[in-house]
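Each remark here refers to the structure printed beneath this line.
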Amino acid sequence: MVDSEGKSSALTKANLAAALNGELGINKRESRELVDLFFDAIKTALFDGHCVHLSSFGNFDLRDKNQRPGRNPKTGEEIPISARRVITFHPGQKLRTRVDGYAGSRE
Amino acid sequence: MTRSQLIEYISQHYRHLPQQDIELAVKTILEHLGTALAQGRRIEIRGFGSFSLHYHKPRIGRNPKTGEPVALAGRFVPHFKPGKSLRTQIEKSGVPIQEN
């Protein structure tokens, strides 16, 4: 994929929908809706407090963090960082192995 | 949530497509996500987040059993950054974390 400036661009939902249409023959509207539903399903599970385990890809885990002291990096002023829940992604073995073979330039 | 539960969720919201098509669609989406990262290509999903590769520098590790030093090559690892809307909605979620 090449964007308007001629640079290699990121993979987006539009690319995924095009793949469903081109490879599986699912019509364009349904392809878009299926891609949306795929990410909605993961989001909904996470909102409901469920971790998401996709064996070939990776795990989206949830962690509850306690309140901790923080600082405004500009002013140095101390402000507490409130307790919150965060998502952590752990790539699965298959994905790690595939990416490990990538020998591109360092980012 | 596992892959089969994800397929079930989509089926329930998309009853007019045979389950087999939905299974293939999920497989195809996951394959394309993996292929993009294996090629060093970023993934950007509006309202969800982005995946990119992070570089880990070569280092001397240790065999945890024997304590022996082991040279580890530099490598790329996939990284996920949740999008702002997903992050802020999860942040304040009051539902206890479920053990699947």
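Every read-out reported here was derived from the displayed coordinates using simple, explicitly stated rules and does not represent laboratory data. No experiment lies behind these values; they were computed from the predicted model shown. Heads up, the Cβs are rebuilt from the backbone with ideal geometry, glycines too, and the neighbour counts pull from every protein chain shown.
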For the range A:25-107, list the strands (runs of 3 or more DSSP E) that sit wholly inside it and hold at least 2 residues that are at the interface with chain B (Cβ under 9 Å from one of its Cβ atoms); which are they? A:52-54, A:58-65, A:84-91
Say whether the condition of being in contact (Cβ under 8 Å) with a residue 24 or more places away in the chain and either out of contact with any strand residue (DSSP E or B) (no Cβ under 8 Å at 6 or more places or on another chain) or surrounded by 10 or more Cβ atoms within 10 Å (Cβ to Cβ) (or both) is met by at least one residue in the range B:62-70. no
Going by what's in this entry, would B:Arg75 be described as touching a helix residue (DSSP H, G or I) at 6+ places or on another chain (Cβ under 6 Å) and among the basic types (Lys, Arg)? yes
Working only within the range A:47-70, note down all residues that are within 23 Å of B:Leu24 (Cα to Cα) and out of contact with any strand residue (DSSP E or B) (no Cβ under 6 Å at 6 or more places or on another chain). A:Leu54, A:Ser55, A:Ser56, A:Phe57
All positions within the range A:64-89 that are in contact with a Gly (Cβ under 8 Å, 6 or more places away or on another chain) and exposed (fewer than 14 other Cβ atoms within 10 Å of the Cβ): A:Glu78, A:Ile79, A:Pro80, A:Ile81
Being within 23 Å of A:Lys94 (Cα to Cα), surrounded by fewer than 18 Cβ atoms within 10 Å (Cβ to Cβ) and small (Gly, Ala, Ser) narrows it down to one of B:Ser11, B:Ser4, so name that one. B:Ser4
